[in-house]
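The structure appears right after this line, and notes come after that.
Here, each number is a calculation from the coordinates, and none is a lab measurement. None of the values given here were measured: they were computed from a predicted structure. Ideal geometry is used to build each Cβ from the backbone, glycine not excepted, and the neighbour counts take in all protein chains shown.
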């Protein structure tokens, strides 16, 4: 089933998972794959129910707690999402992954101060995780702290130069700093790296911004 999902064969993967779950209904690895398939098919409620089943089987499954929390965040259930993610943090208090997720939830819910605390703590725990610095850059940018946003974004790209969103964020930071040439260069790098069909609308918007800066 995992190989079939990787090869974009959801129908075959579903059959394999159904057969596997008949044999081992409480197998956590199979349940995670089932949730992945539900998300692939945009069946959000089914994925949420699967994560809840995993948590019922093993309340220490922090990944399931985080995934459930992020789905709750996407549904704008910010209080529920924060509660669920804090349960994950109790399970794994030194996880940069969990702290980044909690920071994202707090940020989305308008609690920038708590989001900042989460991201900074995540950076302390794992200073080589580039996503943390991208999150910090977004938060600083939202707070109009452009110098700090630039530094955080540059740090993220120094750790992982292949992140399209890093160049996109840095492009907008440079725009607000009245540095059009630097902005264009970063937007162009974003377009070079980001080729996924789901990002077409963003690419179109970036192309329009580039034309406006020329």
Given Cα pairs under 8 Å that are at least 6 residues apart, what percent is the relative contact order of the chain?
9
Pairing the Cα long axis of helix 28-40 with the longest principal axis of the chain, what angle in degrees results, from 0 to 90 and rounded to the nearest 10?
50
Rounded to a whole number, the Stokes-Einstein D of the chain in µm²/s (Kirkwood radius over Cα pairs; 37 °C; 0.692 mPa s) is 173
Answer rounded, prolate or oblate for the range 1-58, using the Cα gyration tensor with square roots of eigenvalues a ≥ b ≥ c: rounded when a/c is under 1.5, else prolate when a/b is larger than b/c, else oblate.
oblate
What spacing in nm lies between the two simple spin-label points modelled at residue 57 and residue 111, each 7 Å away from Cα in the Cβ direction?
3.1
Could you give the length gained on full extension between residue 154 and residue 120, defined as 0.36 nm per residue of separation minus the Cα-Cα distance, in nm?
10.6 nm
Testing the spin-label approximation: label points 7 Å from Cα along Cα→Cβ at residue 43 and residue 28. State their distance in nm.
2.3
Roughly speaking, what is the stretch gain from residue 83 to residue 161, that is 0.36 nm per residue apart minus the C-alpha to C-alpha distance, in nm to one decimal?
24.7 nm
FRET efficiency estimate (nearest 0.05) - Cβ-Cβ, residue 143 to residue 178, R0 25 angstrom:
0.85
So for the range 47-143, averaging the separation of alpha carbon pairs under 8 Å that are six or more residues apart and normalising by length, what relative contact order in percent results?
20
What is the angle, in °, between the Cα long axis of helix 10-23 and the longest principal axis of the Cα atoms in the chain? Nearest 10 is fine, range 0 to 90.
40
What distance in nm separates the simple spin-label points at residue 128 and residue 209, each placed 7 Å from Cα in the Cβ direction?
3.1
Can you show me the helix-derived [θ] at 222 nm for the chain, built from DSSP H runs with n ≥ 4 at -39,500 (n - 2.57) apiece and divided by the number of residues, rounded to the nearest 500.
-25000 deg cm²/dmol
The helix 200-213 Cα axis meets the longest alpha-carbon principal axis of the chain at an angle in degrees, between 0 and 90 and rounded to 10, of 10
Rg and Dmax of the range 11-110, Cα atoms only, in Å
14.0, 45
Considering the Cα positions of the range 71-148, please state its Rg to one decimal place and its Dmax as a whole number of Å.
11.9, 35
Listing 118, 106, 153 from the residue with the fewest other Cβ atoms within 10 Å to the one with the most, what is the order?
106, 118, 153
Take the alpha carbon atoms of the range 153-184, find their center, do the same for the range 79-151, and report the distance between the two centers in whole angstrom.
19
q = 0.18, 0.27, 0.28, 0.29 Å⁻¹, the range 110-149: log10 I(q)/I(0) [Debye, one scatterer per Cα]
-0.44, -0.90, -0.95, -0.99
